[in-house]
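Notes follow once the structure below has been shown.
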Number of protein chains: 2
Amino acid sequence: MPKNADLILYNALVLTMDEEMHQYEPGAVAVQGNSIVAVGPESEVRGEYTAAQELDCGGKTLMPGLINAHTHVPMTLLRGLADDLRLDVWLQGYMWPVEREFVSPDFVRLGTLLACAELIRSGVTCFADMYFFEEAVAAATVEAGLRALCGQTVLKFPAPDAPAFEDSLAAARDFIQRWKGHALITPSIAPHAPYTCTPEILRSAAQLAAEFDVPLQTHIAETALEVENMRRENGMPVVPYVKKQGLFDAKVLAAHCVHIDEGEMRTLLHAGAGVAHNPSSNLKLASGFAPVQKMLDVGLNVGIGTDGPASNNDLDMFEEVRLAAFVAKAVSNNPTALPAPQALSLATRLGAQAMHLGHLTGSLEPGKRADLILIDLNPLHNAPRFRREADNPYAQIVYASKASDVTDVMVDGKWVMRAQRLLTLDEDELLAAAQEYAHRIDIFLMEREQSVLSKLIALGGSMEEESFEVQVKVKIDDPLRVQQALQSPGIEIIRQRHYHQHDVYFGFDDPSQGWLRYREDETIDAKGNIAGVRARLTLIGPAREGQFGHDVLLSRSRYLAPAANSLRFYREYFKPSIEVPIDKDRLRWLVRYKETEFFINLDSLDRPPLGNYLEIKSRTWSRRDAEHKASLVAELITRLGGSLDETVTQDYIDLASNA
Amino acid sequence: MPKNADLILYNALVLTMDEEMHQYEPGAVAVQGNSIVAVGPESEVRGEYTAAQELDCGGKTLMPGLINAHTHVPMTLLRGLADDLRLDVWLQGYMWPVEREFVSPDFVRLGTLLACAELIRSGVTCFADMYFFEEAVAAATVEAGLRALCGQTVLKFPAPDAPAFEDSLAAARDFIQRWKGHALITPSIAPHAPYTCTPEILRSAAQLAAEFDVPLQTHIAETALEVENMRRENGMPVVPYVKKQGLFDAKVLAAHCVHIDEGEMRTLLHAGAGVAHNPSSNLKLASGFAPVQKMLDVGLNVGIGTDGPASNNDLDMFEEVRLAAFVAKAVSNNPTALPAPQALSLATRLGAQAMHLGHLTGSLEPGKRADLILIDLNPLHNAPRFRREADNPYAQIVYASKASDVTDVMVDGKWVMRAQRLLTLDEDELLAAAQEYAHRIDIFLMEREQSVLSKLIALGGSMEEESFEVQVKVKIDDPLRVQQALQSPGIEIIRQRHYHQHDVYFGFDDPSQGWLRYREDETIDAKGNIAGVRARLTLIGPAREGQFGHDVLLSRSRYLAPAANSLRFYREYFKPSIEVPIDKDRLRWLVRYKETEFFINLDSLDRPPLGNYLEIKSRTWSRRDAEHKASLVAELITRLGGSLDETVTQDYIDLASNA
């Protein structure tokens, strides 16, 4: 006697994506509650089961929903915000400042709903997310009816949802406790990356994940620079480092793994870790080519992810799986690498296993949840259809199917899309709300872009520090005489330094922006060797605050130190209209003269070759103090052999740009 | 007073894609006849022109139609036929045999119409094609209403549309004469590639193109192997070689250029040649990464092509332009390489210039033909929209738009798609007809795949040659004694050879298929050095035709010589279920004994180590002759010291596979 099921889907080409890649045509799938109870040839399934509801699939392809193994779904709201930039400029110049300003539970909810709509339309039934306010991601995902692994992010820096990492850890614990056991959501913790976490964070996160037996998500070896820094700072590559911190006490899902070697792959394998490969993001950000074929050969569970829609710029797993297959071939110089059936396995069964959700989803097998999709394999752009080989349908899906060929999507036994109509979400409403956010972000960035100072502040991390100085500068012919005169009585030398200073001045079309100076100071030791290097950024305002007798100036500058990024970074971020390099040799003394401290600089300008200058400076805090110091400066100039008739009121940058 | 136009398109974000990348929002375009007469801000265009028809574009993006700079449109009918194969297996094993069997004017017409439907749906208004029966491609393209550069292919081999290249050249002349000056079609000639054409073909094709002042299309430096062979055979890379053949007397469009150096780029530049970059095809076939950014830096006109849909597997220029941008970044390790505006220029203005059609199409400028499209930039997968920077819309199109976002397409002033409805083609009819072809091709290949012999014949080029032989083989202990005995009177040695023979036998699940032997013969000279190598394929039938006294056998074998491809090729093509390698040293004599010629082989089997064998063979043509020779063979065996009690009736492969 036939058994009862809730629903039978029949008259389909069923691609089970199970380990043996069974396929049935015509095939059928029986669903009871939220689970699959039978998969097989249509006649067998319909012989074994009857169901109140029977759906004729009209010859379409029925397969497990796609698995997006790594993304940051709320970042749909930042899609197309900034492109064609280097990772550091993109992150520090755009993503982080905007996230600091805008990311909230409301932002996260809307971004997640928008993402879910796109994911459903492109046949994704399950995704792995890492973001802030992950509680809101989980709630919105349930609203949309999708399955997800949701990772609460932990960072060593302040985050939009936590002033310190202890707060993030506590929030993660709370989040995991509340959501563990949910039908659709698997909570997890996501220490962002080894370079953005302390060893303590990595250890604590792993312990938390192990305590609750939930997966841990992180970014591993995304760029060559990350690996280089890790080797320099810790003497080992990234995987051994995180192993040392106990990360593999947890079930890990490691995103990217672009720059790992075979030994690291084996470590991941023995740790039972999964890998999420993100081909679009890796190409677009020029991170490199992940060794996917080798990881698969080693036996790793590799899934495919879109990464966040701000670096892709979409959530389309059809494009992603195609690109994974393309890139694997091109990089290995072997067109038989990552063939279509295997590529599609990555986007389904292996992806679910990489996420540690292989028992629930990723293939059409009795006992797994009913997460499935219907695809039309015969639209115009995928016609005609060859049937000679069992691999033909996989090749059709991987090499020519589009997201728009997905017609129906079921998650956990419930339809979320039928005949390309979304059942759980209102697209127009989401689009309108998203556009409002985009408008506000546009205004925020446009205001910021109007001022170099605002852009500098937007970078965050750097400290603004104003100072007022009296200063005088005279051209001199004989530097040795100045050095001798410094030895005379009444001048006490507190300390002496020797620098090579390499400056690059950024100028802008609007001269009221002033000059932004990037300075590399090489400290020179007594033997003439370079003892150290530090880089600073200084925004030099155009205005003089005042002037005293003998061209002693009162000037103001804003120091934004240190310059943590490279000159290249600042160039791409600030987009100066001109750049002026100035190199000089500087002897610098801190002296006490008449109970007042002065800095004395003896500069020899090499590029451009402007000659020798003596500069005397002293910090000040009031006009009265400034007047007093101005007169002392004039005395000192004379004592050191400089002539007050030779004073120069211009900065070196003005001298250089007029030269 | 306002001037008259036929149509004004307004309320659009107009991306002109002209050299200065002008954009207008709200912008408008005025069309008169088949040409654009005005482009600019809406208020200006509508102030200057009135038109009977005014179309509100509803805020959509209006831009020039995309240019597919390299494809083989009729190959839509071979889409998904064979994937994940090496180029040679794919071409020689599948594409060429199927093309030889099926390509006809009817095939070409249907494939072109199917392609045009897909091209229109993905916003392409103009493409460069190279195929056979190009007349039929041109006619079908006109039927669909698209613009194309149509190249009649010329090859040194017989082609589906010409028994010899002289016929192709004559057909090309005829085709060019008839179509030159057509509003939509620019005829051209397409010598397939330097390695598939003789120098004479390249010269004649260039002269023909120059005579009629039409472009010439060809494939240049697609694979590293091509360049390697060219260097070995002609002592120079590909571009200098084709230059030497006078190719640049014509206006050249060079597809691929994956493996060219900067000197070759400059040669192309000075020759006024255009380049068609095909990222999907280059990745999928693992051809390599074309140096696109460098070509652009040198100043070349680079377009983007999909290549044929059998190696892509679609004609989607949105995916292609995105991939071009991605790959350029990844390969140069620079995410700022080929930014979105430049990538989109390749797919429009620069593509048209590369095709030598820049005066007609590729940008929205007064005087150019009205080839334009409307795109919806605000679907779910491309929301929200940022407007802060002029580059935002290009990034939206390049990084997130899909073919399905194109709503309207106009070519030469005529709509071919409105609101996603095709106006010139019946999709259902095309799909049904295409499916019929696929069915016939499936049957053809399935029949072929049933027999190793048919697969061998399907490769073409190799000659089938049956032979009957009498033969006997005996195991011997003392090879030197055989050599001495050969010097005895009555045996005349006609010639002697020494070989190392490296055989690989392919076996199949069905033993009635026999063994397919791949043999490399190394000829050894008197000094023991390798004097030459040749490779042959032999299909060894399982059946013995007869047997005589003393185990003298009558056997039949089919020689399919020479083996022009590598062992790897045959392995991937024939997919044997087992492989058995046999290496031996062979001394071979042709002798005359009692007025009859015999081959005498003295074999020493090294792998597997089976010992020494004496083989005597003679070709035969009748049972009577065979009986006579059988008795002579028995005599000879005894004279040479072999024992007729030691005869072996098995082939080496049987001995080896039983060993």
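The values are calculated or read from the model by the stated rules, or taken from the named source; none is laboratory data. None of these values were measured; they are calculated from a predicted model. Quick reminder, even Gly has a Cβ in these numbers, built from the backbone with ideal geometry, and neighbours come from all protein chains shown. Quick note on the areas: whole protein, heavy atoms, side chains included, nothing else; ligands and nucleic acids left out. Shrake-Rupley method; radii C 1.70, N 1.55, O 1.52, S 1.80 Å.
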Note to self: C-alpha centroids of segment B:1-48 and segment A:74-135 sit apart, in Å, by 36 Å
For chain B: Kirkwood Rh in Å [reciprocal of mean 1/r, alpha carbons]: 28.3 Å
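What share of Cα pairs, in percent, lie more than 16 angstrom apart in segment A:3-59?
So the pairs more than 16 Å apart make up 34 percent of the total in segment A:3-59.
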Would you check the accessible area of A:Y505, probe 1.4 Å, heavy atoms only, in square angstrom rounded to 10? 10 Å²
Mind grabbing the accessible area of A:H72 for me, 1.4 Å probe, Å², rounded to tens? 20 Å²
By how many nm would the segment from A:E522 to A:N334 grow when fully extended, if each residue of separation counts as 0.36 nm and the alpha-carbon distance is taken off? 62.8 nm
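Specify, per residue and in Å³, the volume enclosed by the convex hull of the alpha carbon atoms belonging to segment A:64-444.
Details: hull volume 50.3 nm³, N = 381.
Here the figure is 132 Å³ per residue.
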Expressed as an acute angle from 0 to 90° and rounded to the nearest 10, what is the orientation of the C-alpha long axis of helix A:199-212 relative to the principal long axis of chain A? 20 degrees
Antiparallel content of DSSP bridges confined to chain A, in %, to 5: 70 percent
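Residues with beta-carbon under 10 Å from that of B:T76, excluding B:T76: net charge, scoring Lys, Arg +1 and Asp, Glu -1?
Working: positive: B:R79; negative: B:E118, B:D314.
Summing Lys/Arg as +1 and Asp/Glu as -1 gives -1.
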What list of ³J(HN,Hα) couplings, whole Hz, do you get for segment A:638-653 from phi and the Karplus terms 6.51, -1.76, 1.60, once you set θ to phi - 60° and write x for glycine and proline? 4, 4, 8, x, x, 10, 6, 7, 9, 5, 10, 9, 8, 6, 4, 4
In terms of modelled amide H atoms, which long-range or inter-chain residues lie less than 5 Å from the amide H of A:L459? none
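Suppose R0 equals 41 Å; then what is the FRET efficiency for B:E635 and B:R536 from their Cβ-Cβ distance, rounded to the nearest 0.05? Mind showing how you got there, number by number?
On the way: r = 31 Å, r/R0 = 0.75.
Efficiency computed from Cβ-Cβ geometry: 0.85.
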What Rg and what Dmax come out for segment B:463-658 when only alpha-carbon atoms are used, in angstroms? 16.7, 50
Assume the label is 7 Å from Cα along Cα to beta carbon: what separations in nm does A:N334 have to the matching positions in the other copies? 3.2
For chains B and A related by rotation, which residue of B has the Cβ nearest the axis, and what is the rounded distance in Å? B:S404, 2
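Quick check: with the 1.4 Å probe, what order do A:F569, A:F248 take by accessible area, largest first? Intermediate values should be presented prior to the final figure.
Working: A:F569 0, A:F248 35 Å².
Highest to lowest solvent-accessible surface, that is A:F248, A:F569.
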Report the FRET efficiency, 1/(1 + (r/R0)^6), for B:S622 and A:L269, where r is their Cβ-Cβ distance and R0 is 56 Å, rounded to 0.05. 0.25
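Expressed as a rounded percentage, what relative contact order does chain B have, with Cα pairs under 8 Å and six or more residues apart? List each step's numbers first, then the result.
Working: 1486 pairs, mean separation 80.6, N = 659.
It rounds to 12 percent for chain B.
I need the calculated FRET efficiency for the pair A:K475 and A:D510, taking r as the beta carbon distance and R₀ as 41 Å, to the nearest 0.05. Write out the running numbers ahead of the final one.
Details: r = 31 Å, r/R0 = 0.75.
Taking R0 as 41 Å, the efficiency between A:K475 and A:D510 is 0.85.
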Which percent of Cα-Cα pairs in segment B:226-265 sits in each 5 Å bin, short to long? 6, 22, 32, 29, 10, 1
Taking the alpha-carbon centroid of each part, what is the distance from segment A:190-222 to segment A:581-659 in angstrom? 52 Å
A:K60 - accessible surface, heavy atoms, 1.4 Å probe, Å² rounded to 10: 60 Å²
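Ordering B:I578, B:I540 from largest to smallest accessible area (1.4 angstrom probe), what's the sequence?
Working: B:I578 80, B:I540 25 Å².
Highest to lowest solvent-accessible surface, that is B:I578, B:I540.
Let me know the volume per residue of the alpha-carbon convex hull for segment A:1-147, in Å³.
Values: hull volume 20.5 nm³, N = 147.
Dividing the Cα hull volume of segment A:1-147 by its residues yields 139 Å³.
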Starting from the Kirkwood radius over alpha-carbon pairs of segment B:336-415, derive D by Stokes-Einstein at 20 °C in a medium of 1.002 mPa s and give it in µm² s⁻¹. 155 µm²/s
³J(HN,Hα) computed for each position of segment B:289-294 - Karplus, 6.51 cos²θ - 1.76 cosθ + 1.60, integer Hz, glycine/proline x: 10, 5, x, 5, 4, 5
Kirkwood Rh and Cα-based Rg: tell me the resulting Rg over Rh for the protein assembly as shown, rounded to two decimals. 1.06
Which far-off residues, 5 or more places away or on another chain, put their amide H under 5 Å from the one on B:A370, with H placed in the peptide plane? B:S35, B:I36, B:D412, B:G413
Pairwise label distance in nanometres, B:E429 with A:H498, each label 7 Å out on the Cα-Cβ vector: 8.9 nm
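Out of the total accessible area of segment B:233-336 (probe 1.4 Å, heavy atoms of protein only), what percent is carbon and sulfur?
On segment B:233-336, the fraction of accessible area on carbon and sulfur atoms equals 45 percent.
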Debye equation applied to the C-alpha atoms of segment B:85-163, log10 I(q)/I(0) at 0.13, 0.17, 0.19, 0.27 Å⁻¹: -0.44, -0.72, -0.86, -1.22
If A:W589, A:W415, A:W96 are ordered by their accessible area, calculated over protein heavy atoms with a 1.4 Å probe, which sequence runs from highest to lowest? A:W96, A:W415, A:W589
Expected 222 nm ellipticity per residue - DSSP helices of 4 or more, -39500 (n - 2.57), all of chain A, to 500: -10000 deg cm²/dmol
In terms of Cα to Cα distance under 21 Å, which lysines are near enough to A:K402, apart from those fewer than 8 places away along the same chain? A:K60, A:K284, A:K329, B:K284, B:K402
Taking the Cα centre of each part, how many Å lie between segment A:421-453 and segment B:139-185? 51 Å
